[in-house]
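Some notes on the structure that comes next.
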Amino acid sequence: MSAVSTRRRFIEIMPFAGVALLAACSPKVEPPPAVVNTPAPPPVAATPAPTPPVVQEAAPAASAMPLVDETAAQAVALGYVANHTRADTVKFKSYVVGNQCSTCALYLGKAGDAEGPCPLFPGKHVAAVGWCNSWVKKA
Ligand code: SF4
């Protein structure tokens with residue numbers, strides 16, 4: 001090898017040697033610490049949905065039993081009317097003004113009730129102001 005070629009060769013490799021020397025002498029750069037995955041926080045309990053207001057069912061009617069139908073055979077036979085003022089005084093001479101179911105001994109309704117049971121009409125209610133020919137004075 002000639003001196004020119006040696007010098008040329010030196011010039012060619014010098015930049016690479018310098019870079020290599022700098023890389024070897026420079027402090028190593030530590031990679032950033034790995035991010036440790038922390039467990040996800042527990043899910044926040046969802047606020048319970050507001051409960052819908054409780055709808056109160058309407059109180060059952062005072063009477064769960066149907067009223068006596070004035071046109072039913074038993075009612076016609078006894079002259080029952082839902083209002084004593086309509087009593088057939090021609091056919092039923094026993095009617096006395098003011099007599100009504102609420103003052104009858106057979107009436108099972110409570111004082112003040114608009115209607116109540118009567119053993120002559122099972123499964124039905126009679127009106128407190130009703131009347132029939134079987135009226136008996138309450139003791
Ligand atoms: S028996 Fe008395 S309570 Fe019964 S329907 Fe006749 S009047 Fe009313």
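From the list ALA105, ALA111, the one residue that fits, being loosely packed, with under 12 Cβ neighbours inside 10 Å, under 48 Å from the mean Cα position of the chain (by Cα), within 15 Å of ALA139 (Cα to Cα) and within 13 Å of the ligand (Cβ to nearest atom), is ALA105.
If the condition is being free of Cβ contacts under 8 Å to residues at least 12 places away in the same chain and surrounded by 12 or more Cβ atoms within 10 Å (Cβ to Cβ), then the stretch 92-101 contributes only VAL96.
Tallying residues that are surrounded by fewer than 17 Cβ atoms within 10 Å (Cβ to Cβ) and under 23 Å from LYS124 (Cα atoms) within the stretch 80-91 yields 4. Test SER134 against the stated conditions and say whether it is among the polar types (S, T, N, Q) and either outside any loop (DSSP other than H, G, I, E, B) or more than 9 Å from the ligand (Cβ to nearest atom) (or both). Criteria not met by SER134. Restricting the stretch 118-127 to residues that are out of contact with any strand residue (DSSP E or B) (no Cβ under 6 Å at 6 or more places or on another chain) and either modelled with pLDDT under 95 or of a type outside the set (Lys, Arg) (or both) leaves a set whose member that is farthest from ALA64 (Cα to Cα) is LEU120.
The values are calculated or read from the model by the stated rules, or taken from the named source; none is laboratory data. Since the structure is predicted, the reported quantities are computational estimates derived from the model, not experimental observations. Every residue, glycine among them, receives a Cβ derived from its backbone with ideal geometry; neighbour counts consider all protein chains shown.
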